[in-house]
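Chemist: Structure provided below as structure tokens; questions to follow.
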Amino acid sequence: MLQKKLLKDKPVHRVAFHEITKRAVNEAVENPRELSMDLVNAQQARRALDYLVGFNLSPLLWKKVRRGLSAGRVQSPALRMIVEREEEIEAFKAREYWTIEADLQKDAQGFVARLSELHGKKLAQFDIVKEDKAHAVEHELTQTAAGQLAVASVEKKQRKRNPSAPFTTSTLQQEASRKLGFSANRTMRVAQQLYEGIDVGGGAAGLITYMRTDSVNLANEAIEEIRALIATRYGKDNLPDEPRTFKTKAKNAQEAHEAVRPTVAEQVPDTIKDFLTADQFKLYDLIWKRTIACQMVHATIDTVGVEFHCGEGNVLRATGSTIAHGGLHVGVSGKRRRQ
């Protein structure tokens, strides 16, 4: 068997670790294991699939798209999913519908109330599908009770919002696109630079962990470091009693690495800004804030729903929320939000 062979008169062993930390690497080296032929055969099967699929599909890409492209066991089903989704989009038939809204104001704060019941019947999305009917309803409500709205009920609630999990590859790309306007390629290129190392004083050092990962797990020492930073920088009131743990939602996630996080939590983005390019700073700032936020207390949000009557059986509803305690979560604004 392969594990019985010698490499330069030395036994062959496998060292495996799932986080690049001193403790994890030392433990892996101290506890090597025998080679697994099941894993070796699995790799050979993956390699064969790449050949079988790639050798047939890649020439088609050269002919139909451009030369130099390659496709294998991953790209081919991904391409099929994209095609099927595109077919669904093309088959979609647009339908017209109208909503009736009232622009209101309370304490110099504007908000919108939407018609939810008409003549005692709840309105569905496609109940008003023509412009003339929408104007007829608008005219009726304006004439009813001289267009005056009366507050019928006020419902106040309080809900909690837990912080998001630390970044995986896909969530990092999504958030960088949404908040920074980065393409996936741009995000990964900048992340590679942060991972490979940048001199921020004292020599080049990697600023983030490996950026290709399905895992949302954090190393224990990283969590301890983050919690200590939160207690010192933001106060113990913003620190939950127990560390937060997260589970990967994706099925069959390999979780071979940690989540994407700063290698040193104490390296606050503003303190190393002068050593980074604009893109590097933006992405590092995003990763640092998401990582710190994931170990902070939940946000407390006050929600309010108000129903207004406009004549008999006509109901308009407005909802909104304010942040009672933001928990210093990234992406949570302290401003009033209209819905």
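The values are calculated or read from the model by the stated rules, or taken from the named source; none is laboratory data. Source: prediction; values computed, not measured. Note that each Cβ is placed from the backbone with ideal geometry, even for glycine, and that neighbours are counted across all protein chains shown. Ligands, DNA and RNA are stripped out before the accessible areas are found, and what is left, the full protein with its side chains, is counted by its heavy atoms. Shrake-Rupley method; radii C 1.70, N 1.55, O 1.52, S 1.80 Å.
Chemist: Over segment 117-198, one equal point on each Cα, no solvent: what is log10 I(q)/I(0) by the Debye formula at q = 0.13, 0.19, 0.21 Å⁻¹?
Modeler: Taken in order of the listed q values, log10 I(q)/I(0) reads -0.72, -0.91, -1.03.
Chemist: Here's a follow-up. Mind checking which aspartates and glutamates have their C-alpha under 18 Å from LYS160, skipping anything on the same chain fewer than 8 residues away?
Modeler: Cross-link targets: ASP237, ASP241, GLU242, ASP302.
Chemist: Taking loop as defined by DSSP and a crowding limit of 12 other beta carbons within 10 Å, which trypsin sites (Lys or Arg not before Pro) in segment 116-167 fit? Numbers along the way, then the final one.
Modeler: Working: sites: LYS121, LYS122, LYS130, LYS133, LYS156, LYS157, ARG159, LYS160, ARG161; in loops: LYS130.
Passing sites in segment 116-167 are LYS130.
Chemist: Dividing the convex hull volume of the alpha carbon atoms of segment 1-112 by its residue count, what do you get in Å³ per residue?
Modeler: On the way: hull volume 36.1 nm³, N = 112.
Enclosed volume per residue, from the Cα hull, is 322 Å³.
Chemist: In the chain, once you exclude exposed GluC sites (Glu not before Pro) (DSSP loop, at most 14 other Cβ within 10 angstrom), what's the longest stretch remaining? Don't skip to the end; give the middle numbers.
Modeler: Values: sites that count: GLU34, GLU96, GLU266, GLU312.
Looking at the chain, 97-265 is the longest stretch - no exposed GluC sites (Glu not before Pro) with at most 14 other Cβ atoms within 10 Å.
Chemist: Test of the criteria: in segment 80-163, which chymotrypsin sites (Phe, Trp or Tyr not before Pro) are in a DSSP loop and have at most 11 other Cβ atoms within 10 angstrom of their Cβ? It would help to have the intermediate numbers written out before the result.
Modeler: Details: sites: PHE92, TYR97, TRP98, PHE111, PHE126; in loops: PHE92, TYR97, TRP98, PHE126.
Loop-located and lightly packed - PHE92, PHE126.
Chemist: At 20 °C and 1.002 mPa s, what whole-number value in µm²/s does Stokes-Einstein give for the translational diffusion of the chain, with Rh from the Kirkwood sum over Cα pairs?
Modeler: Numbers: Rh = 25.6 Å.
My calculation gives 84 µm²/s for D.
Chemist: Near the amide H of HIS257, under 5 Å away, which other amide H atoms are found, from residues 5 or more places off or on another chain, if H is placed in the peptide plane?
Modeler: The answer is ASP214, SER215.
Chemist: Give the shape of segment 214-284 as rounded, prolate or oblate, defined through the alpha-carbon gyration tensor: a ≥ b ≥ c are the square roots of its eigenvalues, a/c under 1.5 means rounded, and otherwise the shape is prolate if a/b is larger than b/c and oblate if not. Could you put the intermediate results ahead of the total?
Modeler: Details: a/c = 2.57, a/b = 1.17, b/c = 2.19.
Oblate is the answer for segment 214-284, as a/c is 1.5 or above yet b/c matches or exceeds a/b.
Chemist: What does the convex hull of the alpha-carbon atoms of segment 43-100 project to on average, in nm²? Could you put the intermediate results ahead of the total?
Modeler: Numbers: hull surface 27.2 nm².
About 6.8 nm², averaged over all directions.
Chemist: With θ set to phi - 60°, apply the Karplus curve 6.51 cos²θ - 1.76 cosθ + 1.60 along segment 211-221 and write out the HN-Hα couplings as whole Hz, x wherever there is a Gly or Pro.
Modeler: 9, 10, 7, 9, 8, 10, 7, 10, 4, 4, 5
Chemist: Report the local net charge at PHE308: Lys and Arg +1, Asp and Glu -1, summed over other residues whose C-beta lies under 14 Å from its C-beta. Walk me through the numbers before you get to the answer.
Modeler: On the way: positive: LYS106, ARG114, ARG317; negative: GLU101, ASP103, GLU117, GLU155, GLU307, GLU312.
Here the charged neighbours net out to -3.
Chemist: While we're here: Give the ranking of ASP132, ASP285, ASP199 by solvent-accessible surface, highest area first, calculated with a 1.4 Å probe.
Modeler: Numbers: ASP132 110, ASP285 35, ASP199 85 Å².
Result of the area sort, largest leading: ASP132, ASP199, ASP285.
Chemist: Additional query: Starting from the Cα of LYS22, draw a straight line to each of the aspartates and glutamates and keep only those under 16 Å, dropping any in the same chain fewer than 8 residues away.
Modeler: Excluding near neighbours in sequence, the set is GLU30, GLU221, GLU224, GLU225, GLU258.
Chemist: Pull up all non-local amide H partners of ALA324: gap of 5 or more, or a different chain, and H-to-H distance under 5 Å with H placed in the peptide plane.
Modeler: The list, which skips near neighbours in sequence, is THR300, ILE301, ASP302.
Chemist: Can you tell me the accessible area per residue over segment 155-214, all protein chains present, probe 1.4 angstrom, in square angstrom? Write down the numbers at each step before the final one.
Modeler: On the way: 3380 Å² over 60 residues.
Ligands and nucleic acids excluded, the figure is 56 Å² per residue.
Chemist: Additional query: I need the trypsin sites (Lys or Arg not before Pro) found in segment 47-86, filtered to DSSP loop residues with at most 16 other beta carbons within 10 Å of theirs. Don't skip to the answer; put the middle values down first.
Modeler: On the way: sites: ARG47, LYS63, LYS64, ARG66, ARG67, ARG73, ARG80, ARG85; in loops: ARG66, ARG67, ARG73.
Passing sites in segment 47-86 are ARG66, ARG67.
Chemist: Can you work out the Karplus-derived ³J(HN,Hα) for every residue in segment 166-173? Use 6.51 cos²θ - 1.76 cosθ + 1.60 with θ = phi - 60°, whole Hz, and x for glycine or proline.
Modeler: x, 6, 9, 4, 5, 5, 5, 5
Chemist: Could I ask something else about it? Can you give me the Rg/Rh ratio for segment 78-220, using Cα atoms for both radii and the Kirkwood formula for Rh? Could you put the intermediate results ahead of the total?
Modeler: Values: Rg = 25.7 Å, Rh = 21.7 Å.
Over the Cα atoms of segment 78-220, Rg/Rh equals 1.18.
Chemist: I've got another one for you. Just list whichever of LYS64/LYS282; LYS106/LYS179; LYS249/LYS289; LYS247/LYS289 have alpha carbons separated by over 28 Å in the model shown. Before the final figure, lay out the partial values.
Modeler: Working: LYS64/LYS282 38 Å; LYS106/LYS179 31 Å; LYS249/LYS289 22 Å; LYS247/LYS289 20 Å.
The answer is LYS64/LYS282; LYS106/LYS179.
Chemist: Per residue of segment 52-67, what does 6.51 cos²θ - 1.76 cosθ + 1.60 with θ = phi - 60° give for ³J(HN,Hα)? Whole Hz please, x for Gly and Pro, Karplus curve as stated.
Modeler: Using θ = phi - 60°, the values come out as 5, 7, x, 5, 8, 8, 4, x, 5, 5, 4, 6, 8, 10, 6, 5 Hz.
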